[in-house]
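Presented below is the structure to which this report refers.
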Amino acid sequence: MRLRGSEAAIAAAVVIEGAALSFLSPHFLTAENLLNVSLQASITAIVAAGMTFVILTGGIDLSVGSVVAVAGIATTAALAGGHAYATAIAAGLGIGLVSGVVAGALVTRLGVAPFIVTLALMTIERGLAFVATEGRPVWDLPPGFAGLGGGRLAGVPFPSIVMVLVFVVAHAALKHTRWGRHVYAVGGNAEAARLAGIGTARVVASTYVLCGGLAALGGVLLASRMNSGQPNAGLMLELDVIAAVVVGGTSLSGGRGSVAGTFLGTMLIAILRNGLNLLNVNSYVQQVVVGAVILLAVLLDRLRERRT
């Protein structure tokens, strides 16, 4: 995979950031800490992979954090009820796919702005998560479930392996399939894409379904890692996810960006958070620093927009 333009710049920023932190903290450049960074970034990265497709079409999905919560609750509730692992995980993933279908249908069939549709879904799904659990976590799960999000394969956290697989498949789908080219075309100029014979509504709707499915996958892994279904899981996750996509160089106007950039953007933010923790920086100051990085990324995006 060849890095181009903004992706190479972000990769360089990640290397410089890592080099600086390895100089400032002897604990940063250790295998265990780097594996911890990948584990901490994995859920955000998996969800951000799906969000990249939505933003490439010029849309946005604010409901992903709530999907993480309801998917985790659906999975753990099914397990607590005695259902098999496959059935429980399918229930969680199904919740995400249905959420994506609803969002895609409302955006494409009724023409409602994605921001409004997904904001409403975010509120509804979060509310359903609290109603279904009466605000309490879902416990009493089979002992093997925790291994999905907390286990390791050859020393590498399982969620980190899932994250890499998701990005490899997403990159291939975006760069090497007709559907991926249509996603770029719709985001670049929807009317021109329609006149060229592309089913723009179908393409846009499919990106919301994909985003919902990957958010649900993140919810299942997070529930496993916490070994419980938490109604407040994924709270404000949508902001981290959107930030990772934007920092990764994907334009909020659509039509420009990449999955590889999103991966690098996620890592840039994750390494920054990890480094600030290692340096014992106050958590409130950390929010300011991370927010400043996100703001800088948005400003750079606007500058690129003006030049094109």
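Over all distinct Cα pairs, what is the inverse of the mean 1/r for segment 36-192, reported as the Kirkwood hydrodynamic radius in Å?
So the Kirkwood estimate lands at 17.3 Å.
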> Given C-alpha coordinates of segment 166-306, what is the ratio Rg to Rh with the Kirkwood estimate of Rh?
Replying inline: 1.02
>> Rounded to the nearest percent, how much of the accessible area of segment 1-66 (1.4 Å probe, protein heavy atoms only) is carbon and sulfur?
In response: 67
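Find how much the distance from Leu279 to Ala90 grows on full extension, using 0.36 nm per residue of separation minus their present alpha carbon separation; answer in nm with one decimal.
Between Leu279 and Ala90, full extension yields 63.9 nm more.
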> What does segment 248-299 give for Rg and for Dmax, in Å, if only its C-alpha atoms count?
Replying inline: 12.6, 40
> Shape of segment 110-205 from its Cα gyration tensor (a ≥ b ≥ c, root eigenvalues): rounded if a/c is under 1.5, otherwise prolate when a/b > b/c, or oblate?
Replying inline: oblate
> Roughly how many percent of the accessible protein surface of segment 117-263 is carbon and sulfur, given a 1.4 Å probe and a whole-percent answer?
Replying inline: 67
> Expressed as a rounded percentage, what relative contact order does the chain have, with Cα pairs under 8 Å and six or more residues apart?
Replying inline: 34
>> For segment 120-197, which GluC sites (Glu not before Pro) pass both filters: DSSP loop (anything but H, G, I, E, B) and at most 11 other C-beta atoms within 10 Å?
In response: Glu134
> Could you state the principal axis extents of the C-alpha atoms in segment 9-96, from the largest down, to the nearest angstrom?
Replying inline: 50, 36, 17
> Working out 0.36 nm times the residue gap between Val131 and Leu24, then minus their Cα-Cα distance, what length gain in nm do you get to one decimal?
Replying inline: 33.9 nm
> Per residue of the chain, what 222 nm ellipticity follows from adding -39500 (n - 2.57) for every DSSP H run with n ≥ 4, rounded to the nearest 500?
Replying inline: -25500 deg cm²/dmol
>> Given a 1.4 angstrom probe, what's the average accessible area per residue across the chain, in square angstrom?
In response: 46
> So for segment 217-287, what are the equivalent ellipsoid semi-axes in whole Å, largest first, each being the square root of 5 times an eigenvalue of the Cα gyration tensor?
Replying inline: 23, 20, 11
>> Please compute the modelled spin-label separation between Ala192 and Ile116, points set 7 Å along Cα→Cβ, answer in nm with one decimal.
In response: 2.8
> Taking a quarter of the surface of the Cα convex hull of the chain, what do you get in nm²?
Replying inline: 16.4
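The values are calculated or read from the model by the stated rules, or taken from the named source; none is laboratory data. Nothing here was measured: the structure is a model prediction, and the numbers come from that model. Because the Cβ atoms are built from the backbone with ideal geometry, glycine has one as well, and the counts that use them run over all protein chains shown. The protein model used for the area step is the full one, side chains on, heavy atoms only, and it has no ligands, DNA or RNA in it. Shrake-Rupley method; radii C 1.70, N 1.55, O 1.52, S 1.80 Å.
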